[in-house]
Amino acid sequence: MRSKSGFSFFSKMTSSRKRPSLSLPSKSHESTDVNKTIDNAAEIIEKWNTEYVSDKKFYSLFCESKRDAKKFVKRVKELQNAMDLLIREDPNSEKLLRAQNLMQIAMKRLQKEFLQILSMNRAHLDPESISSRSPTSVVSNDDDVWHESRSAGDSIIEVEEVSKNSRTELKSIADCMIAAGCAKECATTYKSIRKSIVDESIYRLGVENISSSKAKKMPCEVVELKMNRWIEAVKVSMKTLFNGEKTLCDEIFESSVSLREFCFRDISKEGALLLFGFPETITLRDKKNPHPEKIFPLLDMYCTITDNLLAIEAIFSFPSISNVRTQAHSSLSRLSESILAHLMDFESQIRKDSSKTVVRGGGVHPMTISAMNHISRLAEYSNALINILKGSSSSSSAKALLPKSYFNVSESEESPVSELKARFAWMILVLLCKIDGKAEMYKDFSMQYLFLANNLQHVVSRARSTNVKHVLGNDWIAKNSEKVRQFARSYERLAWGPLASMCPAISTSEAVEMSPEEAMMQFKKFNETFESTCEAQSECIVLDPKLLDEMRISIGRKLLPVYRDFYNAHRNAVMLAGTEGQWNVRYNPEDIGNHLSELFSGKGISEKGYVCTPDFCVTTPTPTPVRKTRSLSCRRF
């Protein structure tokens with residue numbers, strides 16, 4: 001039985017309900033109708049208060065008899081209307097006292113029924129569990145697929161039917177209790193069950209309350225695992241858990257806007273704040289120890305929130321739960337700050353690189369490979385980075401530091417895409433300037449230019465084959481591809497220039513009129529120079545197939561045609577001038593072509609040094625003095 005205070009609360013709620021003015025029948029006729037209504041209500045209420053009561057078992061009205069359940073709810077609503085009438089006529093009448101006692105018994109029964117339905121149908125009312133029973137998740141052999149799919153489909157229909165019936169019953173009870181002034185009791189019962197479901201679901205999704213001090217002590221692998229779990233948790237909770245819980249709350253408490261709001265608030269607020277507060281804890285952990293590779297899990301978390309931001313705004317739209325929306329936006333802000341810090345750290349690490357390793361053969365430096373892998377991966381998050389860089393001081397400084405003619409855009413352009421473009425261009429320029437400094441570690445100037453050509457070609461190739469191309473544009477690709485060719489031509493001029501300079505001499509008209517002895521000396525001189533040049537360039541390596549072909553063809557075009565003409569013009573005379581059958585020409589044009597076709601394969605690289613390909617790197621350090629770079633210096637880019 002309800003306490004006296006509960007009765008007073010009930011009386012206050014019923015007496016305060018506004019009723020429209022009605023043209024009532026005579027008092028005698030009205031009294032008869034009220035008596036009949038109270039007697040009818042007493043019959044069904046007392047039946048389920050005496051016959052279906054046991055200390056060992058709870059007999060549920062809605063489980064034992066659906067017909068009685070509908071009748072019970074109907075009679076309670078009629079009893080409430082009768083009580084409203086009696087309150088207006090005679091608040092102290094015996095009939096009203098009897099009706100109030102019956103209503104207390106009815107509310108107690110309905111509250112227990114409400115609790116019973118919620119408890120027994122936890123799985124059927126759990127949106128996450130329902131969504132996991134999708135027919136598309138059925139995997140079977142071809143012979144059984146039809147039967148298994150049909151069985152799964154039947155199971156879904158059965159679950160949905162139970163869920164629908166349960167929601168209908170809960171709504172009818174809630175409507176009845178709210179109308180009777182027992183909204184508080186109904187809401188308390190509802191929240192006691194549904195909040196535990198939300199909290200349990202959040203826990204099963206791997207989200208837990210972690211302090212920043214505890215997070216700082218966790219190994220990086222554990223933190224990254226928790227971040228990945230959090231990403232999946234947000235996707236599931238927004239698609240099924242919170243969305244489904246709000247839908248259920250709205251449906252059951254349709255008759256009361258305030259009850260819908262406060263129930264959903266009390267059920268979901270704690271779990272939602274825990275969920276959306278996790279990124280802040282992680283960013284505080286990494287604040288004093290940023291690392292370039294840590295940026296990608298942070299970007300994934302940022303994208304997860306932005307992808308669900310509209311859903312967050314819609315689901316947590318009630319004013320009383322606005323702090324969930326605030327927490328989500330706060331986490332976005334913290335993630336943005338942390339991501340910007342990691343970008344700055346990436347640039348700083350490139351600038352501070354002081355490795356003394358010389359890449360033998362002028363190949364691609366490992367820093368170029370790792371940096372371009374990082375930048376290429378960053379480009380996959382271009383949409384997120386546009387929002388993060390928007391209005392940040394770092395993007396503005398990147399624009400200011402770039403050469404004025406670096407892009408074909410006006411200085412006044414302030415679009416988010418332009419800011420992203422400037423940022424990526426700046427990161428690559430920092431890398432190239434560092435590579436320019438490392439090129440000076442080669443004593444041979446031709447090797448410096450080959451090193452620059454190889455590294456810039458790797459940068460351009462990675463940019464062309466990834467989303468970096470879309471960020472920087474075709475003009476940037478074309479401009480730097482031309483610069484690769486310029487570096488290659490500089491290498492050819494310095495490395496193969498002495499040999500190429502002999503070609504005009506042997507192709508002149510005077511060369512045609514040479515004596516056999518003079519031709520023999522010219523062959524000897526060319527052969528010696530060719531051998532020494534090939535030996536000097538035997539360590540050189542070019543990894544990019546396209547650049548490799550272009551350089552071999554370019555060198556061949558400078559040497560082979562003129563050498564072939566000279567060879568065909570003088571080989572017979574030289575052969576006859578030879579002594580004791582000695583052949584005085586070591587290389588025919590085919591031999592020259594074969595040697596050139598083996599250029600830049602790195603066959604002459606000794607066991608010492610550093611060879612690096614995009615897929616395989618082996619290091620054996622060679623001590624070489626490094627010129628310290630105090631600031632960004634970039635003479636050749």
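The values are calculated or read from the model by the stated rules, or taken from the named source; none is laboratory data. As the structure is a prediction and not an experimental result, all values here were calculated from the model. Virtual Cβ from ideal backbone geometry, glycine too; neighbours counted across all protein chains shown. For the accessible areas, the whole protein counts, side chains as well, though only heavy atoms, and no ligand, DNA or RNA atoms are used. Shrake-Rupley method; radii C 1.70, N 1.55, O 1.52, S 1.80 Å.
A few comments on the model shown:
- Residue count for region 219-238 under the criterion of being open to solvent by 30 Å² or more (accessible area, probe 1.4 Å), over 28 Å from I315 (Cα atoms) and either touching a His at 6+ places or on another chain (Cβ under 6 Å) or of a type in the set (A, V, I, L, M) (or both): the result is 1.
- Screening A422, A439, A453 for residues that are modelled with pLDDT under 90 and open to solvent by less than 10 Å² (accessible area, probe 1.4 Å) leaves exactly one candidate, A422.
- Condition met for K195 (on the phi < 0 side of the Ramachandran plot, part of a helix (DSSP H, G or I) and touching a residue at least 12 places away in the same chain (Cβ under 8 Å)): yes
- Any chance S461 is at pLDDT below 90 and part of a helix (DSSP H, G or I): no
- Tallying residues that are surrounded by fewer than 14 Cβ atoms within 10 Å (Cβ to Cβ) and part of a helix (DSSP H, G or I) within region 85-97 yields 3.
- Answer residue from region 387-411, given it is open to solvent by 30 Å² or more (accessible area, probe 1.4 Å) and in a helix (DSSP H, G or I) and is modelled with the highest pLDDT among those: N387
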